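Just below is one structure, and these are the notes that go with it.
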Amino acid sequence: MAGEQIEIKFKTNFFSKEKTIILSNESLSLSCNNSVITQFNNEDIKGCRFGVRWIRGVEFYIGRLYCIDLKNDDDKMIKIRLRSVYGINKSMLHKKYGKILNLLYDYYFDEKISNYINQIENGTDVEMGGVIFKKEGVCLKLKNTSDFIKWGDLNTRAYSYYYTLSSKEKPDLYKVFTYLTDWNVSFVYSIS
C-alpha cells in the first residue's frame, strides 16, 4: 500500500451530488466536483464512529443509513452517509460501507491501535472513551467515580450495536459503548 491512493465515489442518496473519499498513506480527504471539501493528515485523525441507522416509515422500517464519522483535533468532521430506501442498492451500499471501513483500518486505525497498545505496555496510561487503559488493567470512569479492573478480571462483550466492558467478579461494574454514537469505540474494542 506504500504510495497508493484509493478513491471511492459515493452518493448519499439518489438526488445528492457524487462525492469522493480519497485515502492515502499521508491523508484522508473528501471532495465533491473535484474540489476538496475536507482533508485530514493521517496523524490528525483523532476520532471515529460508525454504524447503521434504520430509516422508519409510518408503520415499518423502509431503509437503512450507513454512517461513518471521522474527526480531527479541531473537531472538524468528515461524514460519510450511504442511504438505501426500499432495498434499492442495499447490497452494493453494504459492500461499499464495508470496503470503506476496511480501508480506514488498513490506512489509519491499525497503526494507531498498535501505537496505543505499545504505549500501554510501556507504562503510559491511555484515556479513550471514558476508559483509562493502564499496564495493570482498565479504569472505568463512571458517574463521578473511577473503578479499576485488572486485565484478568476484565470481561468484554460485543454485540451488533454496542460493546461492553465489565468486571467478572462484580458484574454490576460495567460500561456500555454504542458504535454509532460514542467516539472511538472501535479503538476501545481493539485495545481491550
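Bear in mind that the values in this text are calculations on the coordinates, not laboratory data. Computed from a predicted structure; not experimentally measured. All Cβ positions, even for glycine, are placed from backbone atoms using ideal geometry, and neighbour counts span all protein chains on display.
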* Unit charges on C-beta of K, R, D, E only; dipole of region 1-158, Debye -> 1080
* Given only helices, namely DSSP H runs of n ≥ 4 each adding -39500 (n - 2.57), what is the per-residue ellipticity at 222 nm of the chain, to the nearest 500 deg cm²/dmol? -> -5500 deg cm²/dmol
* Asked: Between the helical axis of 90-104 and the dominant principal axis of the chain, each derived from Cα atoms, what acute angle in degrees is found, rounded to the nearest 10?
  -> 50
* Grab the other residues whose beta carbon is less than 13 angstrom from that of residue 136, score K and R as +1, D and E as -1, and report the net. => 0
* Pull up the cross-link candidates among the lysines for residue 90, meaning alpha carbon to alpha carbon under 21 Å and not fewer than 8 places away within one chain. => 9, 11, 17, 19, 79, 99
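Taking the Cα centre of region 125-191 as the origin, how large is its charge dipole in debye, to the nearest 20, when only Lys and Arg (+1) and Asp and Glu (-1) carry charge on their Cβ atoms? Numbers along the way, then the final one.
On the way: 9 positive and 8 negative charges, 14 e Å.
Dipole magnitude for region 125-191 comes out near 60 debye.
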* Asked: Amide H of residue 128: which non-local residues (sequence gap of 5 or more, or other chain) have their own amide H closer than 5 Å, using H built in the peptide plane?
  -> 133
* Asked: Straight-line reach from residue 170: which aspartates and glutamates have Cα under 18 Å away, leaving out those fewer than 8 places along the same chain?
  -> 136, 147, 153
* Go through region 13-71 and name the chymotrypsin sites (Phe, Trp or Tyr not before Pro) that are in a DSSP coil and have 13 or fewer other Cβ atoms within 10 Å of their Cβ. => 14, 15, 60
* **Net charge of neighbours whose Cβ lies under 12 Å from the Cβ of residue 152, counting Lys and Arg as +1 and Asp and Glu as -1** => -1
* Using θ = phi - 60° and Karplus 6.51 cos²θ - 1.76 cosθ + 1.60, couplings along region 58-71 (whole Hz; Gly, Pro as x) -> 5, 10, 7, 6, 10, x, 9, 10, 7, 10, 9, 10, 10, 9
* Asked: Residue by residue through region 19-35, which ³J(HN,Hα) values in whole Hz follow from phi under the Karplus form 6.51 cos²θ - 1.76 cosθ + 1.60 (θ = phi - 60°), with glycine and proline marked x?
  -> 10, 10, 9, 10, 10, 9, 5, 9, 8, 10, 9, 10, 9, 9, 6, 6, 10
* For the chain, calculate the relative contact order in percent as a whole number, restricting contacts to Cα pairs under 8 Å that are 6 or more residues apart. => 14
* Structure fact -> Answer in debye to the nearest 20: the dipole magnitude of region 78-192 about its Cα centre, from +1 Lys/Arg and -1 Asp/Glu charges placed on Cβ, is 700
* To do: For the chain, find the longest principal axis of its Cα atoms and tell me its angle to the long axis of helix 110-121, 0 to 90°, nearest 10.
  => 10
* Asked: Remind me, relative contact order of region 125-191 in percent, using alpha carbon pairs under 8 angstrom and six or more residues apart?
  -> 23
* Structure fact -> With the dipole of region 5-120 defined by +1 on each Lys or Arg Cβ and -1 on each Asp or Glu Cβ, the option from 32, 91, 109 whose Cα lies farthest towards the positive pole is 91
* Structure fact -> With residue 62 itself left out, Lys, Arg at +1 and Asp, Glu at -1 over residues whose Cβ is under 13 Å from its Cβ give +4
